[in-house]
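See structure below.
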Amino acid sequence: MARPRRQVRSARERWAREKRFARVMNRLSASVERSMCAAHFASFQSFRDGIVEFSTLVSEAEPIVETESHCVICV
């Protein structure tokens, strides 16, 4: 089986990175929003300023694939 061309690989990698970015941003926003009242969350400017940069850094990091997941407590 032939390897996909470089353009196809980079498009797949870009798509995966964008998907990770959206997932991180959505989960983090939802978590912080649940922990605050609506008025405080709406005025939390520093969070909105930093979430894009944080989500970008996380989404561009190399994903770690583990063959088996282990509970830290059980080990």
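We did not get these values from a lab; they are worked out from the coordinates using the rules stated. Owing to the predicted nature of the structure, the values given are computational and were not obtained by experimental measurement.
Figures for the structure shown
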read-out	value
Hz values of 3J(HN,Hα) by residue in region 25-35 - Karplus curve (6.51, -1.76, 1.60), Gly and Pro given as x	5, 5, 5, 5, 4, 5, 5, 5, 4, 5, 8
Cα gyration tensor category, rounded, prolate or oblate, for region 6-60 with a/c compared to 1.5	prolate
For region 15-20, Karplus couplings with θ = phi - 60° (6.51, -1.76, 1.60), whole Hz, Gly/Pro x	4, 5, 5, 5, 5, 5
